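Written out below as structure tokens is the structure these notes cover.
The values are calculated or read from the model by the stated rules, or taken from the named source; none is laboratory data. Note that this is a predicted model, so its numbers are computed, not measured. Here the Cβ positions follow ideal geometry from the backbone for every residue, glycine too, while neighbour counts run over all protein chains shown.
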Amino acid sequence: MKSQNIPINDIAPLVEIHDYSLYYFIALVLIVTALAAASIFAVIKQVRKRKISIRKEKFNALRAVVFSDPKHAAYTISEIGRFFASDNERTHKAYQNLFDRLEPYKYAPQVEMIDEETIGYYRLYLEMIDA
């Protein structure tokens with residue numbers, strides 16, 4: 001009977017294979033994180049830019065109110081002016097004062113023209129929110 005332990009001469013020993021998959025995974029995670037951060041930064045920048053333009057649009061609409069129709073003017077000033085009332089305490093008080101002065105022009109079927117004192121408060125409010 002022959003021995004089971006035959007020497008093998010032509011087979012090379014096991015070679016160590018370097019595994020770089022962990023490094024590839026870390027690089028991929030870093031790249032994805034950098035892209036996500038850049039995307040979030042771009043979206044935040046656009047939102048801030050849009051927020052400023054909405055404010056400008058509302059201010060221009062508030063400034064362009066025509067007093068020939070006092071009822072419509074009173075409703076428009078009250079509606080758009082509310083947007084700026086939350087800026088600070090001073091603008092909130094000015095808006096509340098203007099809102100109270102515009103109230104008689106809103107709820108009656110026939111209203112007279114808005115008086116100069118109320119228009120003066122309206123102009124003062126415009127100056128406060130423009131500054």
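Tell me whether region 93-109 contains one or more residues that are among the small types (Gly, Ala, Ser), at negative phi and modelled with pLDDT of 90 or more.
Yes; the residues of region 93-109 include at least one that is among the small types (Gly, Ala, Ser), at negative phi and modelled with pLDDT of 90 or more.
For region 70-79, which positions are more than 15 Å from Leu124 (Cα to Cα) and surrounded by 14 or more Cβ atoms within 10 Å (Cβ to Cβ)?
Hits for region 70-79 are Pro70, Lys71, His72, Ala73, Ala74, Tyr75, Thr76.
Hey, among the residues in region 80-108 that are of a type in the set (Asp, Glu) and part of a helix (DSSP H, G or I), which one's surrounded by the fewest Cβ atoms within 10 Å (Cβ to Cβ)?
Glu89
Which ones in region 78-97 are β-branched (Val, Ile, Thr) and either within 19 Å of the chain's Cα centre (by Cα) or more than 19 Å from Ala61 (Cα to Cα) (or both)?
Listed by number, the list holds a single entry, Ile80.
Yes/no matrix, rows are residues, columns are (1) touching a Cys at 6+ places or on another chain (Cβ under 7 Å); (2) among the aliphatic types (A, V, I, L, M); (3) in contact (Cβ under 8 Å) with a residue 24 or more places away in the chain:
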position	(1), (2), (3)
Val32	no, yes, no
Ala42	no, yes, no
Lys49	no, no, no
Glu57	no, no, no
Ser68	no, no, no
Glu116	no, no, no
Tyr125	no, no, yes
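Condition first: assigned to a helix (DSSP H, G or I) and surrounded by 13 or more Cβ atoms within 10 Å (Cβ to Cβ). Now tell me which residues in region 47-69 satisfy that.
Those that are assigned to a helix (DSSP H, G or I) and surrounded by 13 or more Cβ atoms within 10 Å (Cβ to Cβ): Arg55, Lys58, Phe59, Ala61, Leu62, Arg63.
Do the conditions hold for Ile77, that is, is it over 30 Å from Met113 (Cβ atoms) and either of a type in the set (A, V, I, L, M, F, W, C) or without any contact (Cβ under 8 Å) to a residue 24 or more places away in the chain (or both)?
The answer is no for Ile77.
Which of the residues that make up region 49-69 are under 15 Å from Tyr121 (Cα atoms) and of a type outside the set (A, V, I, L, M)?
Within region 49-69, Arg63, Phe67 qualify.
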